[in-house]
Amino acid sequence: MSKKVMELNGLIYGKFPSMAAFSKHIGISKQIVCNIVNGKKQPTLFEVQTIAEGLSVPFISIANIFLHQK
């Protein structure tokens, strides 16, 4: 499991009981959220902002997860 996946999963599961609950909370489909978290989809700026707001963390915290991937 990549550091990106672990970091984002930690943030999500630290505040939500499931990925489905988180995706419902932010209004993005579970499939899209899972693809973003698993590195199968590069998130748009809108998705990064929505994830950050849904987790109540600064935008840059989520953006840095994706900026540091190889």
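The values are calculated or read from the model by the stated rules, or taken from the named source; none is laboratory data. On a predicted model such as this, the values are computed, not experimentally measured, just so you know. Note that we place each Cβ from the backbone using ideal geometry, even for glycine, and neighbour counts take in every protein chain shown.
Annotation: residue 5 fulfils all but one of (1) over 12 Å from the mean Cα position of the chain (by Cα); (2) in a helix (DSSP H, G or I); (3) modelled with pLDDT under 90; (4) not polar (S, T, N, Q); the unmet one is (1). Listed by first and then second residue, the pairs with beta-carbon distance under 7 Å, at least 6 apart or on different chains, first residue in region 1-27 and surrounded by 14 or more Cβ atoms within 10 Å (Cβ to Cβ), second among the polar types (S, T, N, Q), are 4/69; 5/38; 23/29; 26/50.
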